[in-house]
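Here is the structure we will look at.
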Amino acid sequence: MRRSENRRHRIRDKRCRTGAGAASFRPVPASVLSLALRRLLGAVPTLLVLVTLVFFLMRAAPGGPFDRERTLPPQIEARLAAEYRLDQPLWRQYLHYLGRLAHGDLGPSFQYEGFTVGELIGSGAPVSAELGGAALLLALLLGGGLGCAAALARGSAVDRALMLVSMLGISVPNYVTAPLAILLFAVLLNWLPAGGWSAHGMADAVLPVLALALPQIAAIARLTRASLLEVLGAGFIRAARAHGLGEARVLLGHAFKPAALPVLSYLGPAAAGILTGSVVVEQTFGIPGIGRYFVQGALNRDYTLVLGVVLFYGTLIVLFNLLVDLLYGWLDPRALPA
Amino acid sequence: MVLPAQAQSVLRVGNGAEPETLDPHQGQGVSAGNIVRDLYEGLTSQSPSGAVAGGAAERWEVSADGRVYTFHLRPGARWSSGEAVTADDFVAGLRRSADPAAGARYPEILAPIENAEDVSAGRLPPDRLGAVAPDAHTVVIRLAQPTPYFLQVLSHPASFPVYRPNLLRYGREFARPGRLVGNGAYTLVEWAVQSRIVLVRNRNYWDDAHTAIDRVEYYPTEDLASELKRYRAGELDLTSAIPMAQAAWVRRTLGAELHLAPYLGTYFYGFNLARAPFAGNANLRRALSMAVDRELIAGKLLQGAALPAYGLLPPGMPGYPPARPDWADWPASRRIAQARALYAQAGYSDQHPLQVELRFNTSEDNRRIALLVAAMWQQRLGVRTQLVNEEWKVFLQNRRLRSATQAFRVSWIGDYADPMAFARILRSSDGRNDEAYDSPAYDALLAAASAQADAPRRAALFAQAEQRLAADTPILPIFHYLSKHLVKPYVDGWSDNPLDVHYTKDLRLRPH
């Protein structure tokens with residue numbers, strides 16, 4: 001037991017020669033576990049506040065789920081209100097919702113009769129996850145790659161062109177790029193489908209993933225470039241070069257990790273950007289993800305569906321931020337709190 | 001038996017909004033109706049051109065006073081499960097559809113049936129509804145009043161039969177794949193919400209031998225611009241509509257594939273008669289109405305994708321030509337002069353102009369129309385209009401209050417091709433009457449029309465009711481809708497009709 005702990009200390013010690021503070025000598029798993037646990041526990045009140053806010057904000061919006069151009073007779077309206085408990089005082093509806101939530105029940109959808117919110121999210125979330133995950137991965141790989149290329153060719157025409165294009169990528173929103181991409185690649189060139197999901201296999205995913213990833217590719221490329229340039233100018237890189245290390249070893253062995261840190265901490269905002277972007281992209285491409293439910297749910301006053309999606313998004317962002325922090329700690333153990 | 005993929009005939013339909021449910025008695029939207037009509041069949045049906053045709057009933061008799069209908073079911077009619085469709089299934093469907101406890105959403109369409117209004121209001125139990133099954137093959141429906149359009153009502157989803165075993169087993173959640181048993185030409189196999197709804201041929205359908213398309217895929221296409229792109233990319237064979245703003249371009253480039261045809265719908269502005277400035281000021285309302293150039297709105301702004309409207313009732317009602325006030329055909333100068341005179345009589349002038357608020361639900365088309373109308377009012381009468389746009393549900397709620405609005409946008413789509421489908425919405429007792437129009441004379445004319453079995457006399461009563469509306473001007477009609485489908489040239493059997501009802505079983509696909 002003790003021996004293995006010692007060994008772990010040694011490994012850690014070797015891994016972070018620069019940051020030899022007392023904190024970094026604590027056993028890693030305990031620290032990581034307690035961090036994860038504290039963060040997860042801390043997320044519960046956050047999510048509760050989120051649910052409460054959304055619950056009352058949705059109810060403050062005028063109009064109700066059963067309002068249509070065609071009015072319902074009063075007795076049927078009353079009947080529906082009673083069935084969905086809308087006739088009860090708001091605080092009681094709120095407590096009822098929390099009670100159900102405690103049992104993992106998100107309730108029935110107001111708009112899609114015969115479906116529960118759990119079922120709808122269950123069918124939409126995997127689609128959104130595929131789309132968002134692919135976009136994030138693409139953003140990391142392509143954005144990181146382009147950023148490195150630009151940094152290494154600093155000041156060249158390639159660098160300038162890449163940075164100009166990335167500025168465009170950041171400034172042009174998805175609701176412009178998505179329809180343009182459809183027009184070009186689906187309607188005019190007929191290379192890819194204009195919308196839908198799974199009917200055409202992988203081909204379906206190309207345009208939406210690109211449209212969703214584009215701003216993030218651009219942001220990550222710029223960030224990687226700036227960060228790598230800064231690291232490459234640092235003293236320890238000059239020292240490494242002075243030791244006669246090859247450029248590849250310098251880059252991969254010494255420059256990469258510190259240069260990746262700012263990019264990593266950008267992953268939280270990037271994930272949030274992809275979540276909000278998916279709302280637009282799913283609508284434009286007709287993709288059955290939860291981003292679409294979110295918009296439709298709010299417009300239809302589908303109270304339970306909106307709450308369910310908000311809760312899902314909230315949990316996802318909390319988990320993602322935690323993941324980023326853990327990765328950060330792995331790259332730079334100083335970042336892990338005592 | 002599994003057919004090779006290329007032998008299957010598959011129709012891919014852009015269907016507008018995601019249907020809220022496929023339960024025939026609970027759905028209200030157009031998109032749900034399109035699918036439900038493939039899944040179920042009423043006692044009657046519609047021919048491709050929109051005429052009443054036999055459905056699950058092969059023939060029927062109507063009593064001399066027009067109040068008792070006797071339907072004889074087809075001997076071969078079966079549910080998709082293989083069991084026979086019985087008269088009791090239809091009676092159970094009608095009772096459920098009228099029953100407030102079942103949360104039915106369309107009780108007004110069944111209102112002509114004896115006791116239907118009392119059943120829907122909860123004053124009588126559903127089994128007192130005037131529909132009975134003397135034997136397994138006969139349905140007898142008694143009406144409260146002769147209703148010339150009643151056969152059309154029976155092809156509406158609200159009157160469809162219900163497969164009781166699954167209603168009992170699953171309750172309101174029966175309308176899902178694997179549970180929904182229908183008697184229509186198709187049966188439900190897949191429903192991925194916001195993705196697609198897939199139906200395949202019902203081999204137990206009585207007329208399956210004449211059905212050509214094996215599989216229908218309905219895609220939700222809320223965003224009409226995306227729908228148009230998917231159609232052009234060859235991913236859809238039919239669209240639900242086209243974006244109004246692109247009508248001229250679509251007509252130029254896709255000419256023969258665009259089907260524009262009169263559709264039973266009217267777009268109008270309502271005047272709130274419960275408060276100033278429109279309460280008790282018919283001259284002002286008439287002045288505003290006469291100052292609007294509908295030809296310009298329908299022809300130029302909407303690029304011919306709509307018909308100018310001068311009355312509430314659209315064209316396309318059998319035996320009823322829409323009313324047209326005499327001033328509709330006056331030269332513009334005379335019309336404007338008359339509008340100015342009325343405006344002055346109403347107590348307004350350049351020194352003391354009308355300040356009015358025009359409210360509409362947020363949409364690009366609504367905004368463009370409101371801007372143009374406000375410009376016409378400004379230019380011709382000097383009216384100062386404030387445009388207010390609101391999100392749909394907010395807008396509906398404010399309209400319903402009758403205390404928040406002055407002038408507001410309304411659109412109304414008829415459920416059957418009869419003047420009553422439109423005329424009723426301005427009855428003083430109607431729940432949709434957000435104009436607060438309360439005219440005993442108008443109500444009396446509609447009541448008289450309801451009791452009238454003789455078609456020409458009935459039409460004359462509706463004509464009088466329309467004259468009443470023209471005089472009182474509680475609304476400002478702007479345009480009548482056109483149905484605006486894109487249909488690929490290889491789709492055979494498509495026929496435009498005023499209710500815009502199309503059954504997949506009537507369509508065929510040529511090799512393409």
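The values are calculated or read from the model by the stated rules, or taken from the named source; none is laboratory data. The structure displayed is predicted, hence computed values, not measured ones. Positions of Cβ are backbone-derived with ideal geometry, glycine not excepted, and every protein chain shown enters the neighbour counts.
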Checklist entry - Between a first residue in segment B:428-450 that is within 14 Å of another protein chain (Cβ to nearest Cβ) and a second residue that is hydroxyl-bearing (S, T, Y) and surrounded by 14 or more Cβ atoms within 10 Å (Cβ to Cβ), which pairs have beta carbons less than 6 Å apart while being 6 or more apart in sequence or on different chains? => result B:G431/A:T71; B:R432/A:T71
Checklist entry - Of the residues that make up segment A:236-245, is at least one on the phi > 0 side of the Ramachandran plot and surrounded by fewer than 18 Cβ atoms within 10 Å (Cβ to Cβ)? => result yes
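Considering every residue within segment B:191-204, establish whether at least one is away from every other protein chain (no Cβ under 14 Å), within 24 Å of the chain's Cα centre (by Cα) and within 22 Å of B:Y481 (Cα to Cα). Give the derivation first.
Applying the first criterion (away from every other protein chain (no Cβ under 14 Å)) to segment B:191-204 yields B:199-204.
Applying the additional criterion that residues be within 24 Å of the chain's Cα centre (by Cα) yields B:199.
Pick out the ones that are also within 22 Å of B:Y481 (Cα to Cα) and you get none.
No, segment B:191-204 contains no residue that is away from every other protein chain (no Cβ under 14 Å), within 24 Å of the chain's Cα centre (by Cα) and within 22 Å of B:Y481 (Cα to Cα).
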Checklist entry - Within the group B:Y267, B:Y263, which residue is part of a strand (DSSP E or B) and over 23 Å from B:F395 (Cα atoms)? => result B:Y263
Checklist entry - In the list B:Y231, B:Y219, which residue meets the criterion of being within 14 Å of chain A (Cβ to nearest Cβ), more than 30 Å from B:S80 (Cα to Cα), aromatic (F, W, Y) and buried (at least 21 other Cβ atoms within 10 Å of the Cβ)? => result B:Y231
Next on the checklist: The conditions are (1) in contact with a Gly (Cβ under 6 Å, 6 or more places away or on another chain); (2) modelled with pLDDT under 85; (3) not aromatic (F, W, Y), and A:G124 fails exactly one of them. Which is it?
Outcome noted: (2)
Checklist entry - Within segment B:234-249, how many residues are crowded, with 18+ Cβ neighbours inside 10 Å and more than 13 Å from every other protein chain (Cβ to nearest Cβ)? => result 6
Checklist entry - Which one is farthest from the chain's Cα centre (by Cα), of the residues in segment B:354-411 that are modelled with pLDDT of 95 or more, closer than 22 Å to B:E222 by Cβ and β-branched (V, I, T)? => result B:I369
Item to check | Candidates B:E18, B:E41 - the one that is more than 14 Å from chain A (Cβ to nearest Cβ), in contact (Cβ under 8 Å) with a residue 24 or more places away in the chain and touching a Phe, Trp or Tyr at 6+ places or on another chain (Cβ under 8 Å) | outcome: B:E41
Next on the checklist: Condition first: within 14 Å of chain A (Cβ to nearest Cβ), free of Cβ contacts under 8 Å to residues at least 12 places away in the same chain, surrounded by fewer than 16 Cβ atoms within 10 Å (Cβ to Cβ) and not hydroxyl-bearing (S, T, Y). Now tell me which residues in segment B:128-178 satisfy that.
Outcome noted: B:R169, B:G171, B:G178
Checklist outcome for this item: Going through segment B:365-403 in order, the residues found to be among the charged types (D, E, K, R) and either within 14 Å of another protein chain (Cβ to nearest Cβ) or without any contact (Cβ under 8 Å) to a residue 12 or more places away in the chain (or both) are B:E390, B:E391, B:K393, B:R399, B:R400, B:R402
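Can you name every residue in segment B:301-323 that is farther than 13 Å from B:F479 by Cα and either of a type in the set (S, T, Y) or without any contact (Cβ under 8 Å) to a residue 24 or more places away in the chain (or both)?
Residues satisfying the conditions are B:Y320, B:P321.
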Checklist entry - Within the set of pairs 6+ apart or on separate chains, which have a first residue in segment B:324-340 that is touching a residue at least 12 places away in the same chain (Cβ under 8 Å) and part of a loop (DSSP other than H, G, I, E, B), a second that is surrounded by 16 or more Cβ atoms within 10 Å (Cβ to Cβ) and of a type in the set (A, V, I, L, M, F, W, C), and C-beta atoms under 8 Å apart? => result B:P325/B:A470
Checklist entry - Residues of segment B:204-216 being surrounded by 16 or more Cβ atoms within 10 Å (Cβ to Cβ) and either of a type in the set (K, R) or without any contact (Cβ under 8 Å) to a residue 40 or more places away in the chain (or both), which ones? => result B:R215
Checklist entry - Under the condition of being within 14 Å of another protein chain (Cβ to nearest Cβ) and aliphatic (A, V, I, L, M), which residue from segment B:179-190 is nearest to B:P24 (Cα to Cα)? => result B:L180
Next on the checklist: Please pick out the residue among B:A57, B:A98, B:A102 that is closer than 24 Å to B:E117 by Cβ and either outside the structural domain of B:P165 (by TED's automatic domain parsing) or surrounded by 23 or more Cβ atoms within 10 Å (Cβ to Cβ) (or both).
Outcome noted: B:A98
